[in-house]
Structures are given as C-alpha cells and as structure tokens.
Amino acid sequence: DQEKEEKDGGCGHCNDQPPSMEDPSLPSDGDSAGALPPPFRRVRRTRGGVSSPFPLKLHRVLDAGLDDDVICWMPHGRCFVVKNNKAFVDTVMPKYFKQTKITSFQRQLNLYGFTRLTSSGPDKGGYYHELFLRGRPGLTQRMKRMKVKGTGRKGASNPEEEPDFYRMEPVRGGGGDGGGA
C-alpha cells in the first residue's frame, strides 16, 4: 500500500491539503478546468490537526517551481536552499505557510528533522532530510514532527559528517516512480 501511495505521489490521506492560494498559474495535477490544484485547495477540517503537514506543503511549493529565484531544489534533488531570505519572508511565506518569520520556518524544519548544510560548497545553507527528495512527495508522510524540546539547545554541526550529494546518483523528479523497490 505504501509503495502504491508513493507511486501515486499522494500521502494516503486524500484530503490533507494546504489552504487555497488562489493562483491560477499553478500546475493543475489533472484537476478539472478552473479548479485549484490539489496542493493549494482550501480544505475544511472537522476535527483538530493541520490541513497539510508542513513537509508535504514545502515539497509541493518546491515542486511547483514558481518561486525558484527565492527557494528551490538543488540540482541533485536531495536538498533545497532558500536563496533570498527577505524575498522568501515577503512573498513566499505569506502565500503558502502559516509562519510569518524565517526563524519560525526554520524551527518547523528542525522539528521535522531537517539538517542544515554548513560546509562550504554549492549546497551551503541548504536543508536536507533523507525522506525529502525531489519528485517523491509520498515519502513525506513518513516524516514525523518531533515533540517540542525544552532545552533550547541543539547539537553543533559537523561539516565533515555532511553528505556529498554530488557523489550520489541524482534524484529523478516528476517521474512518479515514488521510490518503490
């Protein structure tokens, strides 16, 4: 079942969609004419919870590619980078996310287990997670939000232990392969 869900590119929860963004230029994912595409349709929730988990919403924003001058996948498809923090806060965050400050966005990344790349090189400042790969939105359903920790401290980064994504096979996006074995 999980392989099928990943192959379909869905998260298996059908109605987990972020709020409507009212942008007709977004890709339609095969929806009926004039309808908002799945990643940006408003969904009414009858019980608690979020309309769309943060990683799935972020993945959809990156895959849509509408703001590649501000936030984009790196060529290998294993991490993404925010190229312009001010433009991200001013234009991208209000359209797609509840957060209004870059530090709140970064906190969400940390709570979902993203790691920031600190070594020098083309990916410096980017974020990665082993289940966050271009063209594979179904993997995000396996990402779990950590409970809020009360320590206020995080471990020091170690650039020597960071992966070199350019020595790995690039992630092929958009093929609908879902990563099944």
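Rule-based calculations on the coordinates, nothing more; no lab input. Remember, it's a predicted structure, so these values are computed and weren't measured experimentally. Methodologically, a virtual Cβ is constructed for each residue, glycine included, from the backbone with ideal geometry; neighbour enumeration extends over all protein chains shown.
Fully extending the segment from residue 111 to residue 91, taken as 0.36 nm per residue of separation minus the present Cα-Cα distance, adds 4.9 nm. How would the range 92-134 be classified by its alpha-carbon gyration tensor: rounded, prolate or oblate, with rounded meaning a/c under 1.5 and the a/b versus b/c comparison settling the rest? Cα axes put the range 92-134 in the prolate bin.
Annotation: for a label point projected 7 angstrom from Cα along Cα→Cβ of residue 100, residues of the range 58-87 with backbone N closer than 20 Å are 85-87. Separation of the alpha carbons by more than 20 angstrom is noted, of 83/124; 83/147; 57/101; 86/147, for 83/147; 86/147.
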